[in-house]
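Structure record follows, encoded as structure tokens.
Every read-out reported here was derived from the displayed coordinates using simple, explicitly stated rules and does not represent laboratory data. Quantities reported herein were computed from a predicted structural model and do not represent experimental measurements. Please note: Cβ atoms are built from the backbone with ideal geometry, for glycine as well, and neighbour counts cover all protein chains shown.
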Amino acid sequence: MNVKVAILSIQLRLNSIKKLSTIALALGVERTRTELLPFLTDTIYDEDEVLLALAEQLGNFTMLVGGPEYVHCLLPPLESLATVEETVVRDKAVESLRKISQEHSPVDLEVHFEPLVKRLASGDWFTSRTSACGLFSVCYPRVSSTVKAEIRQHFRTLCSDDTPMVRRAAASKLGEFAKVLELDYVKSDIISLFTALASDEQDSVRLLAVEACVSIATLLPQEDLETLVMPTLRQAAEDKSWRVRYMVADKFSELQKAVGPEITKNDLVPAFQNLLKDCEAEVRAAAANKVKEFCENLPEDNREQIIMTHILPCVKELVSDTNQHVKSALASVIMGLSTILGKDNTIEHLLPLFLAQLKDECPEVRLNIISNLDCVNEVIGIRQLSQSLLPAIVELAEDAKWRVRLAIIEYMPLLAGQLGVEFFDEKLNTLCMAWLIDHVYAIREAATCNLMKLVEKFGAEWAQNTIVPKVLGMANDPNYLHRMTTLFCINALSEACGQDITTKQMLPVVLKMSNDQVANVRFNVAKSLQKIGPVLDSNALQTEVKPVLEKLATDTDMDVKYFAQEAISVLALA
Amino acid sequence: CVGGSSERHIYCLWVFKESGAMTGWEQVCSFQDPEPADLSMEEESDTRKINNSFLRDHNYATEADIISTVEFNSSGELLATGDKGGRVVVFQREQESKSQPQRRGEYNVYSTFQSHEPEFDYLKSLEIEEKINKIKWLPQQNAAYFLLSTNDKTVKLWKISERDKRPEGYNLKDDDGRIRDPSTITSLRVPVLQPMDLMVEATARRVFSNAHTYHINSISVNSDLQTYISTDDLRVNLWNLEITDRSFNIVDIKPANMEELTEVITSAEFHPQQCHTFAYSSSKGSIRLCDMREAALCDKHCKYFEEPEDPSTRSFFSEIISSISDVKFSHNGRYLMTRDYLTVKVWDLQMENKPLETYQVHDYLRGKLCSLYENDCIFDKFECVWNGSDSVIMTGSYNNFFRMFDRNTKRDVTLEASRENSKPRAILKPRKVCVGGKRRKDEISVDSLDFSKKILHTTWHPHENIIAVAATNNLYIFQDKVN
């Protein structure tokens, strides 16, 4: 039996742990229970990677210890893992514990699992208490009412723990725990815990209560929301700490759905307005991100009126915000409003905002507008924008930062599709060709790829008339980098252009370049021939390509030889 | 382990009595670098309690042995020192035993490890020293201990843990570590854990790097136990203790044009209870209090503490000596203490325009600023500490003197940390520096002070009257005299 349990180095130990199921299989269920698991329980001082792998493995170990009947044997090692100081290991151990809790019979759950949860919940160190927070919700539904009462008591205790870590863990599991509780206890227990956590002295705890708010609000009947949840939510939306307000902004759509249309109209609309006008840019940006979703989810009967009178004025202010993150967050969603507001409102109210953002000083804002043009196209047609669009595109196309240029290239096929071939030929074609001789390789590469997508869109005939001549013209450029770009373009275009254009127009140029004085160009000729070979007919291959490759295969340069030989063998010309 | 060339010694402990802490300090132990023995783990039980007769002249000390920071943990059971050689030495308090009551409060070496190594920044052609600038303990979260240590650029999170078992009975090697012939292995064994001698291990759990352009002068752990700040000359960065690949810049005082630079940050600390409040001090003698709830960037302070300058005492050195070298919140969170070159000031957080209390540390140096400027001493960065109940403060001076001020009785005392004048269990005698022309018998004249012997780093046990004082390569631990 060649199975290793060798604790030599981390890598070895890690490998051993990853093969733990094989080892257990070899040992048999009996020895796994009596020897392997006790050993593993004591090895918790090992490296994090090993412990993480161990915690994960044990979650799938039920069959290896003898099935659900013996699943409780896995609890001791997982219990020790749930107390280590490394968060990822603890979380994984809790995840595995949650998984195997389902495999416990109701009796085992009370005899073995629930005592473990209690031990963790009353552990000396915060690490075990934080782990306990994640386990209440899995055992609660399946235990007797006496035990349920104990579990509720333990959870209550942890919610007012001394260490903020435990309170954070409790706050983050509050919503999940509320879901498994009986409604009466949600009202009596959970609400008071929720209120307490939401007014914790530490903002790191308070902000987690916002998340719980969503789940709790979903559970309660509409008539109770006003008295039980809304005071806390209102308070959170106006919290002194920006991080809490940020969390409210970030969870706004979920909150909106959870509290329903009436409360949304009366409470959330003003709250959202305030978040959009918040003094902290992070909060405004988070709220700006939610503008479209919030508007979409407004009750339809007076959606338009709410947007026009309450939301749009704030949006208008954000367009000229001082912070560029806020503006770009807005730019990424603002176009979505046009579908909600319809053609007339879009032209009258939104278009000026789009145009303003297209002229924004920050390239990211302009890019975000351009990348979402499709939404507007559906409503008003892109022509309305094209006057302003063009200068914006040209400016981005020539931006000093190559990443900006790269981003705009990626939107070119989309723009071309929406603006149509005529407009493209007239205004944008020159830009696309100019990128081919950009001084940054990434741009030239993206430009090549862009040409291929354009050809796919506009067809081979268009390519033959507008692109191919220009590309082939670059084969005589004095700069060898540009000559290579010709080859890269041919690689990308040959398939889209088809056999005819490739054989008649591109192949002669490639073959001619095999005499280039720069070796880099020559070996790229070999690579190109290999690439376009499948598009050519066998006659051309034999009579034209083969002699050139054979000549290159005797080149003085090693790399040229190598790639020529590779092409010969791939194309089966030998 | 500390190599053969660099060694370490222990000294004693002394005390203060009368109204809690002001008269009799006795030396409990002291440690010195270099120390004659190699401090490897196995040998430490024999060599860590160094007899005074072993002590060599401290002139042998190399630059690397100079202690650069000293810090008690939150229970006071452990004491960590960092030195210019990038090493961290952790001392553990001896358990009190009835048989040897006189050994109360003795600290012994618990763990020694190399925290930082010298590095070279190839992009800037700069050497990065390994010197440990600050150590901060994390509150204990399980059986292991955690501390943050930092040099100029990189903060590291260390775990110090004990191991007393090891696995035995492998399948592929025998008990001596030899690989077994696979053909002889016929059955599968599960290793078992066997007890072994206690081993203390220090492992680097996180390395927080590449976030500081300038030199890190302080680190501070937040009371939310989730974040900490690291501060350099111009910026304060906020980190999550679990995330090493990003930090948030929360204060940036770098002007667009570096020629307009008039002020640098000298130190920063979190409030002990309010997780959203921190304070930072500047080279211009002011302290700013920031509230992280108000905005993500804390460039705007919410409180600004500064004492208006007295025009009558203005001189060429005014600005240099008003630079704050250390800022510390009191344990109760009501006060801030700052140290500048000549004084310690206590500020009430509710009063921004002037300090509540000002204590003269060594006012007799006021007339010697010119020579202190010439020998660069005027730029020394003295730290200051509170006692556990915030009633006494302590800070260092020259000639291996350190000062204590009782805030209630307004008494103050000057003590000296030196091997020549103190033996273990001896009571420290208060020292006096004479200012005028006539020198009394037990007084020292200002001119005979040794400015190369300075006490920059001190720490006070969080609950008891035990202090640790670093004097160049020596560490002295004193405690309140037992009745």
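Under the convention that each Lys and Arg Cβ holds +1 and each Asp and Glu Cβ holds -1, the size of the dipole of region A:159-203 around its Cα centre is about 160 debye.
Peptide B:182-195 shows a mean partner chain C-beta count of 4 within 10 Å per residue C-beta.
Neighbouring Cβ atoms from other chains, within 10 Å of the Cβ of residues in B:296-303, number 1 on average. Shielding by partners for peptide B:157-163, expressed as the average number of C-beta atoms from other protein chains within 10 Å of each residue's C-beta, is 1.
So what is the calculated 222 nm ellipticity per residue for chain A, using -39500 (n - 2.57) for each DSSP H run with n of 4 or more, over all residues, to the nearest 500 deg cm²/dmol? Mind showing how you got there, number by number?
On the way: 37 runs with 376 residues, N = 574.
Here the helix-only value at 222 nm equals -19500 deg cm²/dmol.
When a/c reaches 1.5 or more, the comparison of a/b and b/c decides; with that in mind, is region A:51-128 rounded, prolate or oblate per its Cα gyration tensor? Oblate is the answer for region A:51-128, as a/c is 1.5 or above yet b/c matches or exceeds a/b. The alpha-carbon of B:Lys303 sits under 16 angstrom from the alpha-carbons of these lysines, leaving out residues fewer than 8 places away in its chain: B:Lys284, B:Lys328, B:Lys354.
Under a model in which nothing but the beta-carbon of Lys, Arg (+1) and Asp, Glu (-1) is charged, region B:177-314 shows a dipole of about 780 debye around its Cα centre.
Projecting the Cα positions of A:Phe136, A:Tyr70, A:Ser21 onto the charge dipole of chain A (unit charges on Cβ atoms of Lys, Arg, Asp and Glu, taken about the Cα centre) puts A:Ser21 furthest along the positive direction.
So what is Rg over Rh here for region A:1-106, counting just Cα atoms and using Kirkwood for Rh? Each step should come with its number before you reach the end.
Details: Rg = 12.8 Å, Rh = 13.6 Å.
Dividing the radius of gyration by the Kirkwood radius yields 0.94.
For A:Lys148, list the aspartates and glutamates whose Cα falls under 14 Å from its own Cα; do not include residues on the same chain fewer than 8 positions away. Once the sequence-local aspartates and glutamates are set aside, what remains near A:Lys148 is A:Glu110, A:Glu114, A:Glu182, A:Asp184, A:Asp189.
Taking 20 Å as the straight-line reach from the Cα of B:Lys453, the lysines in range (excluding those fewer than 8 positions away in the same chain) are B:Lys84, B:Lys131, B:Lys368, B:Lys381, B:Lys423, B:Lys429, B:Lys432.
Annotated for region A:495-553: lysine pairs at least 8 residues apart or interchain, Cα distance under 15 Å, count 7. Between the residues A:Ala149, A:Ser199, A:Ser388, the greatest Cα displacement towards the positive end of the dipole of chain A, with unit charges on the Cβ of Lys, Arg, Asp and Glu, is found for A:Ser388. Residues whose amide H comes within less than 5 Å of that of B:Ser282, counting only those at least five positions distant or on another chain, are B:Thr266, B:Ile324 (H built at 1.01 Å from N in the peptide plane).
Take the alpha carbon gyration tensor of region B:300-437, find the square roots of its eigenvalues, order them as a ≥ b ≥ c, and report rounded if a/c is under 1.5; if not, report prolate when a/b exceeds b/c, else oblate. Walk me through the numbers on the way to the answer.
Details: a/c = 2.02, a/b = 1.18, b/c = 1.71.
Judged from the Cα gyration tensor, region B:300-437 comes out oblate (a/c at least 1.5, b/c at or above a/b).
Size of the dipole of the protein assembly as shown about the Cα centre, Lys and Arg at +1 and Asp and Glu at -1 on the beta carbon, nothing else charged, in debye to 20? All intermediate terms of the calculation are to be shown ahead of the outcome.
Numbers: 119 positive and 152 negative charges, 241 e Å.
The calculation lands at about 1160 debye.
Each residue of region B:352-357 was assigned a 3J(HN,Hα) from its phi angle through the Karplus expression (A = 6.51, B = -1.76, C = 1.60, θ = phi - 60°), giving 8, 7, 7, x, 6, 9 Hz with x at Gly and Pro. With θ taken as phi - 60° and the Karplus curve 6.51 cos²θ - 1.76 cosθ + 1.60 applied, the whole-hertz 3J(HN,Hα) list for region A:459-466 is x, 5, 5, 4, 4, 4, 7, 9 Hz, x standing for glycine and proline.
Taking square-rooted eigenvalues a ≥ b ≥ c of the alpha carbon gyration tensor, is chain A rounded, prolate or oblate, where a/c under 1.5 means rounded and, failing that, a/b exceeding b/c means prolate? The partial results should precede the final answer.
Values: a/c = 3.21, a/b = 1.40, b/c = 2.29.
Verdict is oblate for chain A.
The mean of 1/r over all distinct Cα pairs in the protein assembly as shown, once inverted, gives the Kirkwood hydrodynamic radius of 34.9 Å. Counting every other Cβ atom within 10 Å of each residue's Cβ, A:Ile380, B:Ile287, B:Ile467, B:Ile477 order from fewest to most as A:Ile380, B:Ile287, B:Ile477, B:Ile467. Positive end of the dipole of the protein assembly as shown (Cβ unit charges, origin at the Cα centre): among A:Leu225, B:Cys377, B:Met351, the Cα lying farthest that way belongs to B:Cys377.
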